[in-house]
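Here the structure is laid out as structure tokens; the discussion comes afterwards.
The values are calculated or read from the model by the stated rules, or taken from the named source; none is laboratory data. Worth saying up front: this structure is predicted, and the values here are computed from it rather than measured. No Cβ is skipped: glycine too gets one built from the backbone with ideal geometry, and neighbour counts run over all protein chains shown.
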Amino acid sequence: MPAPRIIGRHRGTGRELAILGLDSVKASFSWENRKGRHFVCLCVMDARNTSADELGSFCSNLLRTGCAYFCAWGPDCERVHDAMDAEIVGDDPPTTYIGCVMTTWHANEALRDAFGFFLDCTAPDEDFAPDGCASALIIVVDQLIGLRILSVS
């Protein structure tokens with residue numbers, strides 16, 4: 001089962017930086033050492049051929065793992081963002097609402113700008129994550145989009 005790999009620490013926030021590559025949103029993943037700690041997440045993917053149910057399951061797993069701030073970038077990232085919002089609110093609000101998980105989408109921005117926002121501007125809601133977020137997770141879904149990103153860098 002894939003797990004995030006620590007790649008460093010962000011000087012500005014002190015957050016541990018981790019990256020996770022997935023072949024698809026259907027791939028199972030875990031981050032076992034979380035122990036209830038929250039994290040911010042940047043999801044880089046092309047969601048145009050991904051079903052709403054698949055996106056919902058993916059987002060649900062992120063929330064269970066401790067995601068407190070979620071950023072989406074890539075083709076159809078608005079739909080990824082909306083799937084996360086739907087998981088946060090649940091089927092029967094306010095009963096199913098899990099709390100104020102912050103979400104943003106960055107469809108009209110260069111990846112560099114979305115990445116800068118993710119690193120420097122993702123302060124979670126203090127009531128939801130009172131201890132803040134000690135980690136920043138970058139998820140790249142689909143090896144092809146990952147290779148395109150690396151070839152531009």
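Just one of Cys59, Cys41 is on the phi < 0 side of the Ramachandran plot, in a helix (DSSP H, G or I) and either of a type in the set (Phe, Trp, Tyr) or at pLDDT 95 or above (or both); which is it? Don't jump to the end; show me each part of the working.
On the way: Cys41 fails: in a helix (DSSP H, G or I).
Being on the phi < 0 side of the Ramachandran plot, in a helix (DSSP H, G or I) and either of a type in the set (Phe, Trp, Tyr) or at pLDDT 95 or above (or both) holds for just one of Cys59, Cys41, which is Cys59.
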Seminar exercise, completed: Residue count, region 133-153, condition surrounded by 11 or more Cβ atoms within 10 Å (Cβ to Cβ), in a loop (DSSP other than H, G, I, E, B) and either at pLDDT below 90 or basic (Lys, Arg) (or both), comes to 1
Problem set entry | All positions within region 5-33 that are over 12 Å from Ala134 (Cα atoms) and of a type in the set (Ser, Thr, Tyr) | Ser24, Ser28, Ser30
Exercise. Which one of the conditions (1) surrounded by fewer than 17 Cβ atoms within 10 Å (Cβ to Cβ); (2) basic (Lys, Arg); (3) in contact (Cβ under 8 Å) with a residue 60 or more places away in the chain does Arg15 fail to meet, given that it meets all the rest?
Worked result: (1)
For this session: Please work out which one of (1) under 23 Å from Arg9 (Cβ atoms); (2) without any contact (Cβ under 8 Å) to a residue 12 or more places away in the chain; (3) touching a Gly at 6+ places or on another chain (Cβ under 9 Å); (4) of a type outside the set (Val, Ile, Thr) is the condition Tyr97 fails and give its number.
Result: (1)
Problem set entry | Residues (of a type outside the set (S, T, N, Q), modelled with pLDDT under 95 and either touching a His at 6+ places or on another chain (Cβ under 6 Å) or part of a loop (DSSP other than H, G, I, E, B) (or both)) located in region 77-106 | Gly90, Asp91, Asp92, Pro93, Pro94, Tyr97, Ile98, Gly99, Cys100, Val101
Exercise. For the subset of region 81-118 comprising residues that are touching a Leu at 6+ places or on another chain (Cβ under 9 Å) and within 19 Å of His38 (Cβ to Cβ), which member is surrounded by the fewest Cβ atoms within 10 Å (Cβ to Cβ)?
Worked result: Ile98
Exercise. When you go through (1) within 13 Å of the chain's Cα centre (by Cα); (2) within 21 Å of Asp127 (Cα to Cα); (3) surrounded by fewer than 21 Cβ atoms within 10 Å (Cβ to Cβ); (4) aliphatic (A, V, I, L, M) one by one for Leu22, which number turns out not to apply?
Worked result: (2)
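Results for (1) touching a residue at least 12 places away in the same chain (Cβ under 8 Å); (2) within 17 Å of Val140 (Cβ to Cβ), shown as yes or no for each residue.
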residue	(1), (2)
His10	yes, no
Glu32	yes, no
Cys41	yes, yes
Ser51	no, no
